[in-house]
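Chemist: Would you mind keeping the following structure in view while I ask a few things?
The values are calculated or read from the model by the stated rules, or taken from the named source; none is laboratory data. Source: prediction; values computed, not measured. Neighbour counts are summed over all protein chains in view; Cβ atoms, including those assigned to glycine, are modelled from backbone coordinates with ideal geometry.
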């Protein structure tokens, strides 16, 4: 079901360090060293702690990062679109479960219990790393059906996972996704022209659980609707938070 926020909020721009860090982390996901990517994760964690109210609702736990640049997408097979046309969101949330409880979920072939926007079909296959995860790069292909109150869309999405040791002894998990082609929804109700994401999760220093953050850059055109950008951004934000909530609910239900 499409989640629409009832009112417009004042959009907090990300601190310069967060914005630069999330771009660099997306761009250098594979090429960056553990030390380089670990430093970027720590910058993002620090800015989240300093600027956002993690005890509040989703409207107090997000930034609007700047759009990706063409340089951020070099080496990836992506649609021929101007990345500046994408709307953005970066949502943070505290999980009561540590990272070690989250990492096994990456190996589920059936992702439907964990993804509220794909309740009927989300099948994951593995290209690399299934036998050594969570200690190595994990490459997955994801055949899914995204369902909202406006459209239903079928597509295949690559998703990469990488463990990153941090200088303080913790380990972060980072992920990256992107669409290779424009996605046309059933009955031509909408087109997902481009979509990318970057995520990290890591244990809190005090052992109270894990911090999660997902940044999304997405351009969707609705054929029969004209929606204000702030409405679409709010929908992206709520959808991201619903993924975090669903996964915590699933973990809580396990014996």
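Chemist: Please state which one of 215, 210 is crowded, with 20+ Cβ neighbours inside 10 Å, at pLDDT 95 or above, under 16 Å from the mean Cα position of the chain (by Cα) and over 28 Å from residue 69 (Cα atoms).
Modeler: Answer to the selection: 210.
Chemist: With the checklist (1) crowded, with 22+ Cβ neighbours inside 10 Å; (2) touching a helix residue (DSSP H, G or I) at 6+ places or on another chain (Cβ under 7 Å) in hand, flag the one item residue 251 doesn't pass.
Modeler: (1)
Chemist: So if I check each of 42, 105, 68, which one is assigned to a helix (DSSP H, G or I) and farther than 22 Å from residue 249 by Cα?
Modeler: Among 42, 105, 68, only 42 is assigned to a helix (DSSP H, G or I) and farther than 22 Å from residue 249 by Cα.
Chemist: Pull up segment 76-102, narrow it to residues that are in contact (Cβ under 8 Å) with a residue 24 or more places away in the chain, outside any strand (DSSP E or B) and in contact with a helix residue (DSSP H, G or I) (Cβ under 9 Å, 6 or more places away or on another chain), then point me to the one that is farthest from residue 171 (Cα to Cα).
Modeler: 83
Chemist: If you don't mind, another one. How many residues does segment 50-63 hold that are buried (at least 18 other Cβ atoms within 10 Å of the Cβ) and in a loop (DSSP other than H, G, I, E, B)?
Modeler: Counting residues in segment 50-63 that are buried (at least 18 other Cβ atoms within 10 Å of the Cβ) and in a loop (DSSP other than H, G, I, E, B) gives 2.
Chemist: Condition first: closer than 26 Å to residue 182 by Cβ, part of a loop (DSSP other than H, G, I, E, B) and more than 19 Å from the chain's Cα centre (by Cα). Now tell me which residues in segment 122-162 satisfy that.
Modeler: Matches in segment 122-162: 149, 150, 151.
Chemist: Just name the residue that is farthest from residue 191 (Cα to Cα) out of those in segment 148-162 that are in contact (Cβ under 8 Å) with a residue 40 or more places away in the chain and buried (at least 17 other Cβ atoms within 10 Å of the Cβ).
Modeler: Only one residue tops the list, namely 162.
Chemist: Any idea which of 47, 36 is modelled with pLDDT of 95 or more, farther than 20 Å from residue 160 by Cβ and surrounded by 13 or more Cβ atoms within 10 Å (Cβ to Cβ)?
Modeler: Answer to the check: 47.
Chemist: Now a separate question. Can you find even one residue in segment 123-141 that is surrounded by 17 or more Cβ atoms within 10 Å (Cβ to Cβ), at pLDDT 95 or above, closer than 23 Å to residue 235 by Cβ and in contact with a strand residue (DSSP E or B) (Cβ under 7 Å, 6 or more places away or on another chain)?
Modeler: There is no residue in segment 123-141 that is surrounded by 17 or more Cβ atoms within 10 Å (Cβ to Cβ), at pLDDT 95 or above, closer than 23 Å to residue 235 by Cβ and in contact with a strand residue (DSSP E or B) (Cβ under 7 Å, 6 or more places away or on another chain).
Chemist: Any idea which residue in segment 163-181 is nearest to the chain's Cα centre (by Cα), counting only those that are assigned to a loop (DSSP other than H, G, I, E, B) and buried (at least 17 other Cβ atoms within 10 Å of the Cβ)?
Modeler: 179
Chemist: Within segment 197-207, count every residue that is within 26 Å of residue 233 (Cβ to Cβ) and surrounded by fewer than 22 Cβ atoms within 10 Å (Cβ to Cβ).
Modeler: Residues flagged as within 26 Å of residue 233 (Cβ to Cβ) and surrounded by fewer than 22 Cβ atoms within 10 Å (Cβ to Cβ) within segment 197-207 amount to 1.
Chemist: Looking for something at pLDDT below 95, on the phi > 0 side of the Ramachandran plot and in a helix (DSSP H, G or I) - is there at least one such residue anywhere in segment 183-202?
Modeler: Checked against the condition, which is being at pLDDT below 95, on the phi > 0 side of the Ramachandran plot and in a helix (DSSP H, G or I), segment 183-202 yields at least one hit.
Chemist: Output the residues belonging to segment 53-75 that are touching a residue at least 40 places away in the same chain (Cβ under 8 Å) and in contact with a strand residue (DSSP E or B) (Cβ under 9 Å, 6 or more places away or on another chain).
Modeler: Correct list: 54, 58, 61, 62, 63, 64, 65, 66, 67, 68, 72, 73.
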